[in-house]
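Here's the structure, in structure tokens; my notes come after.
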Amino acid sequence: MPGSGGGAGAVLDQTLTELSYSTNTANALIHLYRAEVGKMTAYRQRLDMTTNWSVVTTAGLASFALGDPNNSHATFLFAMFMNYFFLRLEARRFRIYEVAHHRVRIMERFFFPAMLGDRVDANWHQLLLAELAKPRSPMSRADALGWRLNRNYLWIYAAVLLAWFAKLDLAQPKGWILEFPEAFALADIGNFPGWLVFLGVFVFYGYLVTLAVRAARAYPLEEG
């Protein structure tokens, strides 16, 4: 619903300005705006906290795995699992953050321009009422996972993958020559053959990259 401050698609009738709002209505919307901004701030901090957990966990597991040649490379597979757990937790928080963000953007797009003298669509409050009556995130779980991957976790996963390769290489004597398919045996874990481990890792990383690319195309969020 565009405003009508003279731009393209302006609405010339059924518009509201600051004179259309009673004091109580304006105060209620202002308090709602402050509450939603406060919620956004709280969830933004929680998002940063989850990322910090992921970084600290990855660093600790990498130090453990690389600190002793006898420590199994499976430590890095566990790091991948833990980072996925943190990613899903962060994506859930991000969807809640986006609920508040969507309400804030509605008020910033319509209410405050009207208070500053612009003319906006008189039916904009139906958008806000719908959000208050049935809160819902404007993005899917897959989009949330992909967006957080784009912002932070692809870098973390890249570091884990490189460290995993380094661990596999460091376990071999100097002068060892990489040859396939024998090299797949480097990733053996107990009775699990190395080729199966490699396949699982690369399928998982392909899934992550697919999520990231899809989210970037389907949900181009505002920067910030």
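The values are calculated or read from the model by the stated rules, or taken from the named source; none is laboratory data. Keep in mind that this is a model prediction, so the values were computed, not measured. Protein only, heavy atoms only, side chains kept; ligands, DNA and RNA dropped before computing areas. Shrake-Rupley method; radii C 1.70, N 1.55, O 1.52, S 1.80 Å.
Observations
- Legend: residues R151, R217, R109, sorted from most to least accessible area (1.4 Å probe; ligands, DNA and RNA excluded), read R217, R109, R151.
- Against the criterion of solvent-accessible heavy-atom surface with a 1.4 angstrom probe, Y207, Y153, Y43 sort, most first, into Y207, Y43, Y153.
- The range 13-102 - convex hull of the alpha-carbon atoms, volume per residue in Å³: 97 Å³
- Probe 1.4 Å, all protein chains present, accessible-area order of T41, T23, T51, largest first: T23, T41, T51
- Value of Rg to Rh for the range 109-148 (Rh from inverse mean 1/r over Cα pairs, i.e. Kirkwood): 1.18
- Largest-first principal axis extents, alpha carbons of the range 49-126, Å: 70, 20, 12
- Nearest-10 value in Å² for the accessible area of I30, using the 1.4 Å probe: 60 Å²
- Extension gain, A159 back to S63 (0.36 nm per residue minus Cα-Cα distance, nm): 33.3 nm
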